[in-house]
Amino acid sequence: MKTELAIIGAGPGGYVAGIRAGQLGIKTIIIEKNYLGGVCLNVGCIPTKALLHASEILLNIKNSSKMGIEINDLKLDIKKLNSWKNSIIDKLVSGINFLLKNYNVEVIFGEAKFIDEKTLLVKTKNDDIKIVSKYIIIATGSRPSELPNIKRDGNFVWNSDDAVALKEIPKKLLIIGAGAVGLEFASIYSRLGSDVMVIEIANQILPGIDNECATTLKRALEKQNIKIFTNSKVIGYKENVFEIEIEGNVKSFEFDKVLLAVGRKPNVENLNLESVGISLNEKGFIKVNKKLQTNVENIYAIGDVIGQPLLAHKASKEGITAVEIIAGIESEYDVKYIPSVVYTNPELASVGLSEEEAKKKGYKIKIGKFPISANGKALSMNITDGLAKIITNEENDEILGIHIVSPEASSLISEGTLAMESYLTSEDIALTTHPHPSISEILMEAAENVKKKAIHIINK
């Protein structure tokens, strides 16, 4: 088979690249090993958000007595919950399939590996297919990492793929790793009835995130009966008994299940990259330039396989950019700010530098903050934990970072990202009229607090 563009992987990088290629009239084949939509749509972003939403309904019901709402006979049907979750996945996969067909993008299910820089061998269920392509995009994504002394078995030791399957609600669940994945599953399983403990080897949850915001979220999650320990690690385990070092003290705990949430690693091993000499960095991710080209000119790479941040929206943006460059459109991947979100309750969203990073880089900073507890809309939603925080360069009011811990933070952060990409100042946000009552007002008042003129708090 011959084509102009072959894309290895149909995740949020690969299928988006395929759709854009189809729009531009490029003859395209996508090779996918497992399922359209990749990890994000099938066992990651989408199903976890469905479970977070459903479990948050349970949490809100349990916390509704102060509003005069009492529900005594509350039941959870895991089978129905899974069926609903899977129906969302099926609908979205069907939509992707429809779009790819509409743009004449062919999808082949199989495993691809390089024969040379323009030829792929694809092993399908029935036979082997050779594909010769002028350009190739590698979009093979990543998979969960393991620990040297703790390996996933799918039964007692889970990874995120097992956790999202929701086969059972363990009585006692240990989650190793307090990144976004660990905290989101801690929220889901705690709300569904598990006794959850999270341990993190770093000195804060969400390492790299603004410390004040991470601490605020930790406090909120602990109020939801999630036990969280930082500066902690597993020393060893036998059967279901774990020796865990917490702040220098070793204690024994029993668990029914263990979830490994210790990061992800790139899917590069079975591509035969060495046959074409594609360069990897020290962590095993594919090296690319600003045009997303590897060191082999006609081969591009996008998404998780090229490294941090491992985010679906980054992969999609890279996919569009790579295809437009292939099509001859003058472009390069020059996105300066990529927002990240942790979908807990409250959510934590972040873009740009943390306070710690800004100081480390030598900026003389001014900070504006506004607590969620002073926001009328948040109080009407029974939310009191959270804040908006804007970090600026004192010299020119340039926004260096925006961090939000609140309901709807995943939506609010887009305003902050647009402001930073557009080189707006905190004063520009402050001067923008925000609707009342809304959660978005916390961003406006945090911007006003940079110059100590926020209305609804004592400015300090």
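The values are calculated or read from the model by the stated rules, or taken from the named source; none is laboratory data. If you're wondering where the values come from, they're calculated on a predicted model, not measured in any experiment. Cβ coordinates were reconstructed from backbone atoms using ideal geometry, including for glycine residues, and neighbour counts include every protein chain displayed.
Taking the stretch 3-63 as the region of interest, the helices (runs of 4 or more DSSP H) fully inside it that hold 1 or more residues being of a type in the set (Gly, Ala, Ser) and farther than 30 Å from residue 186 by Cα are 14-23. Only a single item in (1) in contact with a helix residue (DSSP H, G or I) (Cβ under 9 Å, 6 or more places away or on another chain); (2) farther than 14 Å from residue 199 by Cα; (3) not in a loop (DSSP other than H, G, I, E, B) is not met by residue 270, and it is number (1).
In the stretch 40-68, the residues that are more than 20 Å from residue 221 (Cα to Cα) reach residues that are buried (at least 20 other Cβ atoms within 10 Å of the Cβ) and of a type in the set (Lys, Arg) with C-beta atoms within less than 8 angstrom, at least six apart or across chains, in these pairs: 47/85. For the stretch 153-182, the tally of residues that are in contact with a strand residue (DSSP E or B) (Cβ under 6 Å, 6 or more places away or on another chain) and under 24 Å from residue 40 (Cβ atoms) stands at 11. Tallying residues that are polar (S, T, N, Q) and part of a loop (DSSP other than H, G, I, E, B) within the stretch 412-460 yields 6.
Remark: residue 314 matches the filter, which requires a residue to be out of contact with any strand residue (DSSP E or B) (no Cβ under 7 Å at 6 or more places or on another chain), modelled with pLDDT of 95 or more, of a type in the set (Lys, Arg) and on the phi < 0 side of the Ramachandran plot.
Restricting the first member to the stretch 140-169 and to residues that are within 11 Å of residue 260 (Cβ to Cβ) and of a type in the set (Gly, Ala, Ser), and the second to residues that are at pLDDT 95 or above and in a loop (DSSP other than H, G, I, E, B), the beta-carbon pairs closer than 6 Å and six or more apart or on different chains are 145/262; 145/263.
From the list 305, 250, which one is at pLDDT 95 or above, of a type in the set (A, V, I, L, M, F, W, C) and either within 20 Å of the chain's Cα centre (by Cα) or within 16 Å of residue 114 (Cβ to Cβ) (or both)? Exactly one residue qualifies, and that residue is 305. Using beta carbons and a limit of 9 Å, which pairs, at least six apart or on different chains, have the first residue in the stretch 76-90 and in the same structural domain as residue 191 (by TED's automatic domain parsing) and under 17 Å from residue 189 (Cα atoms) and the second one surrounded by 15 or more Cβ atoms within 10 Å (Cβ to Cβ) and of a type outside the set (A, V, I, L, M, F, W, C)? Pairs that qualify, where the first residue is in the same structural domain as residue 191 (by TED's automatic domain parsing) and under 17 Å from residue 189 (Cα atoms) and the partner is surrounded by 15 or more Cβ atoms within 10 Å (Cβ to Cβ) and of a type outside the set (A, V, I, L, M, F, W, C): there are none.
Return the residues of the stretch 242-258 that are loosely packed, with under 15 Cβ neighbours inside 10 Å and touching a residue at least 24 places away in the same chain (Cβ under 8 Å); say none if nothing qualifies. Passing the criteria: only 254. Pairing each residue of the stretch 419-441 that is β-branched (Val, Ile, Thr) with any residue that is in a helix (DSSP H, G or I), provided the two are 6+ apart or on different chains, yields C-beta distances under 7 Å for 429/419; 429/443; 429/444; 429/447; 432/444; 439/377; 439/378; 439/412. Being touching a Pro at 6+ places or on another chain (Cβ under 8 Å) and either buried (at least 20 other Cβ atoms within 10 Å of the Cβ) or in a helix (DSSP H, G or I) (or both) holds for only one residue in 323, 351, and it is 351. When the stretch 58-91 is filtered for residues that are under 23 Å from residue 382 (Cβ atoms), surrounded by 13 or more Cβ atoms within 10 Å (Cβ to Cβ) and β-branched (Val, Ile, Thr), only 61 remains.
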